[in-house]
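S.K.: Structure below; questions to follow.
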Amino acid sequence: MKKTVRSLCSTALALTLGFTLLSGPASVQAAGNADYNLAGFSQGNTGGGIISESNTSTYKKVYNATDLALALKKNSGVKVVEIMNDLDLGWNEIPSAAQTSPFAKHNDALTHPVLKQTGVSKITVDGFNGLTIFSANGSKIKHAAITVKRSSNVIIRNLEFDELWEWDESTKGDYDKNDWDYITLEDSSGVWIDHCTFNKAYDGLVDSKKGTSGVTISWSTFKGDDGSANSWVTRQINELEANKASYPMYNYLRSSAVGLSKQDVIAISGPQKKGHLVGATSLESANANLSITLHHNLYKDIQDRMPRLRGGNAHAYNIIMDAADARSAQSRITSAMATAIASKGYKFGITSNGAISTESGAVLVEKSVIKDVQYPVRNNQTDPTNATYTGKISVLDTMYSLDGSSFRGNSDTAGSPLAPVPAAIKPFSWNGFTSLPYSYQTDDPSTLNARLTSSNGAGAGKLTWSKDNWLKTSY
């Protein structure tokens, strides 16, 4: 394997671990930037190819749900789908003409006042070989969960996904009913998700299962809710606050038995619970085929699964896990409050896990930044005494900080806070090969915060360039 290290030109970009997230202009000209080449396990993925928008049989411009239904219908022959504007795709807000395959009604919303009106849709992208879905302007898709199944060479770029979370009373805060993930990959090969933004969701953000292989997720932002006056979570909590008697769990949290304020509940509800589940079924034989690369992604206040792997292989490099606000929110729950909440069978709090490898999966995390994650590296989620459920995980040259203390090094450095827990450590090796089957470039982790949060960093709507660039895989 050939690996080269790229450093940024300006030493002023180098930051210490005690960073504050930056903001910048909405877009920047960046055409021709080789930093954005397709890399990782999805290398070789061609998507729908470079097709002229004048070819109206294979290049479809989508302005509404009906357009999207026609473009993504099985055997449509479409290769490129350009999302022209924001799309509200809830089942109750799309026209009857769109209420057909690939659209289907998803689980009913029970608590969020917006989703109870709009409904939620499931969109199934089934049987495509060569498909690119993109927007040139960072368009937003709301109230819909997308499943890509039995497909290959699929590319999804420059899109934002939003408004797919609600308060969970039905399973007492376990979030085990609605199964709303923004993107689920099933029984597919060759998927590249790039320059996308994923906001808080009920379940996972991007999950990969049923032996899906050749996945790369790059230059994307995954984030919780910011708790601002009109945020998605705040609108939900306002609804609960106005109708406490209808929501027993919320009412109990706000009662004197627990003593949380409305603002406490908003802050604790803000962080996203789950990132990437890779392999949904324990010890499934198809898990051996799983392969995923995560690079140049920003995970802001994600509580768990960056990623969580069952079998197969996962490579994460140049990612940031910043859980500072989540850790601050966690401090709002005292031990007495936690005891009172658990006594009623409710689950309300903050999980704090980073990268997780289980069931002999292999996870390599390198040249990354992990901030305020209590358990940054885990190797067993089922039974630490049973090696069947233990994974292999290694961390290289990664910057870690927790509550003001900092460390830079490897998981096997003496006394390293990045050593895997809670099971006995399995020596690291890849599954099915001795070295990664691709070359890649890395940044020094001290430059990542400036790089990923800059005006041409991670997320949708950051790059302004010609449409054909979104169809390319190298620059």
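The values are calculated or read from the model by the stated rules, or taken from the named source; none is laboratory data. All figures in this text were calculated on a predicted structure; none of them were measured in a lab. Methodologically, a virtual Cβ is constructed for each residue, glycine included, from the backbone with ideal geometry; neighbour enumeration extends over all protein chains shown. These area figures cover heavy atoms from the full protein model, side chains too; ligands, DNA and RNA do not enter into them. Shrake-Rupley method; radii C 1.70, N 1.55, O 1.52, S 1.80 Å.
S.K.: Taking the conditions exactly as written (more than 28 Å from ARG408 (Cα to Cα), open to solvent by 50 Å² or more (accessible area, probe 1.4 Å) and at pLDDT 95 or above), does SER76 satisfy them or not?
M.R.: Taking the combined requirement at face value, the residue does not satisfy it.
S.K.: Can you pull out the residues in segment 177-203 that are closer than 20 Å to ASP226 by Cα, open to solvent by less than 10 Å² (accessible area, probe 1.4 Å) and in contact with a helix residue (DSSP H, G or I) (Cβ under 7 Å, 6 or more places away or on another chain)?
M.R.: Once the filter is applied, which keeps residues that are closer than 20 Å to ASP226 by Cα, open to solvent by less than 10 Å² (accessible area, probe 1.4 Å) and in contact with a helix residue (DSSP H, G or I) (Cβ under 7 Å, 6 or more places away or on another chain), segment 177-203 yields nothing.
S.K.: So SER446 clears everything in (1) crowded, with 20+ Cβ neighbours inside 10 Å; (2) small (Gly, Ala, Ser); (3) under 16 Å from GLY361 (Cβ atoms) except one condition, right? Which one?
M.R.: (3)
S.K.: Please give the number of the condition ALA71 fails out of (1) touching a strand residue (DSSP E or B) at 6+ places or on another chain (Cβ under 7 Å); (2) open to solvent by 40 Å² or more (accessible area, probe 1.4 Å); (3) part of a helix (DSSP H, G or I).
M.R.: ALA71 satisfies all of (1) touching a strand residue (DSSP E or B) at 6+ places or on another chain (Cβ under 7 Å); (2) open to solvent by 40 Å² or more (accessible area, probe 1.4 Å); (3) part of a helix (DSSP H, G or I) except (2).
S.K.: Tell me, which residue of segment 275-318 that is hydrophobic (A, V, I, L, M, F, W, C) and outside any strand (DSSP E or B) is surrounded by the most Cβ atoms within 10 Å (Cβ to Cβ)?
M.R.: It comes out as MET306.
S.K.: Evaluate segment 381-394: report whether one residue or more is out of contact with any Phe, Trp or Tyr (no Cβ under 8 Å at 6 or more places or on another chain) and under 25 Å from SER218 (Cβ atoms).
M.R.: Checking segment 381-394: at least one residue is out of contact with any Phe, Trp or Tyr (no Cβ under 8 Å at 6 or more places or on another chain) and under 25 Å from SER218 (Cβ atoms).
S.K.: Can you tell me which residue is farthest from ASN137 (Cα to Cα) among those in segment 186-197 that are touching a residue at least 40 places away in the same chain (Cβ under 8 Å) and under 16 Å from the mean Cα position of the chain (by Cα)?
M.R.: Checking each candidate, the answer is VAL191.
S.K.: Do we find a residue being of a type in the set (Asp, Glu), open to solvent by 10 Å² or more (accessible area, probe 1.4 Å) and without any contact (Cβ under 8 Å) to a residue 12 or more places away in the chain anywhere in segment 205-218?
M.R.: Scanning segment 205-218, I find no residue that is of a type in the set (Asp, Glu), open to solvent by 10 Å² or more (accessible area, probe 1.4 Å) and without any contact (Cβ under 8 Å) to a residue 12 or more places away in the chain, so the answer is no.
S.K.: Could you figure out which of (1) open to solvent by 10 Å² or more (accessible area, probe 1.4 Å); (2) closer than 16 Å to HIS112 by Cβ isn't true of ALA144?
M.R.: Result: ALA144 passes all but (1).
S.K.: So, one more: Which of the residues spanning segment 127-140 are touching a helix residue (DSSP H, G or I) at 6+ places or on another chain (Cβ under 9 Å), more than 13 Å from VAL191 (Cα to Cα) and either open to solvent by 10 Å² or more (accessible area, probe 1.4 Å) or without any contact (Cβ under 8 Å) to a residue 60 or more places away in the chain (or both)?
M.R.: ALA136, the sole residue that qualifies.
S.K.: It is to be established whether one or more residues within segment 89-103 are under 15 Å from LEU68 (Cβ atoms), among the polar types (S, T, N, Q) and part of a strand (DSSP E or B).
M.R.: no
S.K.: A further question on this structure: Can you tell me how many residues in segment 219-234 are within 9 Å of the chain's Cα centre (by Cα) and either surrounded by fewer than 24 Cβ atoms within 10 Å (Cβ to Cβ) or modelled with pLDDT under 95 (or both)?
M.R.: The total comes to 2.
S.K.: Kindly evaluate LYS347 against the criterion of being under 18 Å from the mean Cα position of the chain (by Cα) and either on the phi < 0 side of the Ramachandran plot or open to solvent by 40 Å² or more (accessible area, probe 1.4 Å) (or both).
M.R.: no
S.K.: Consider SER439 against the criteria (1) touching a residue at least 24 places away in the same chain (Cβ under 8 Å); (2) touching a Gly at 6+ places or on another chain (Cβ under 9 Å): it satisfies all of them except one. Which criterion is unmet?
M.R.: Against the list (1) touching a residue at least 24 places away in the same chain (Cβ under 8 Å); (2) touching a Gly at 6+ places or on another chain (Cβ under 9 Å), SER439 comes up short only on (2).
S.K.: Tell me whether segment 222-232 contains one or more residues that are under 30 Å from GLY361 (Cβ atoms) and not in a loop (DSSP other than H, G, I, E, B).
M.R.: yes
S.K.: Then there is this: For segment 407-437: of the residues being of a type in the set (Ser, Thr, Tyr) and over 16 Å from LYS367 (Cβ atoms), which is most open to solvent (accessible area, probe 1.4 Å)?
M.R.: THR434
S.K.: A further question follows. Mind telling me which of the residues THR66, THR58 ends up being over 17 Å from HIS295 (Cα atoms), open to solvent by less than 50 Å² (accessible area, probe 1.4 Å), without any contact (Cβ under 8 Å) to a residue 24 or more places away in the chain and not small (Gly, Ala, Ser)?
M.R.: After ruling out the rest, the residue left standing is THR58.
S.K.: Filter segment 321-375 for residues that are part of a loop (DSSP other than H, G, I, E, B) and among the aliphatic types (A, V, I, L, M); which is nearest to ARG254 (Cα to Cα)?
M.R.: My answer is ILE333.
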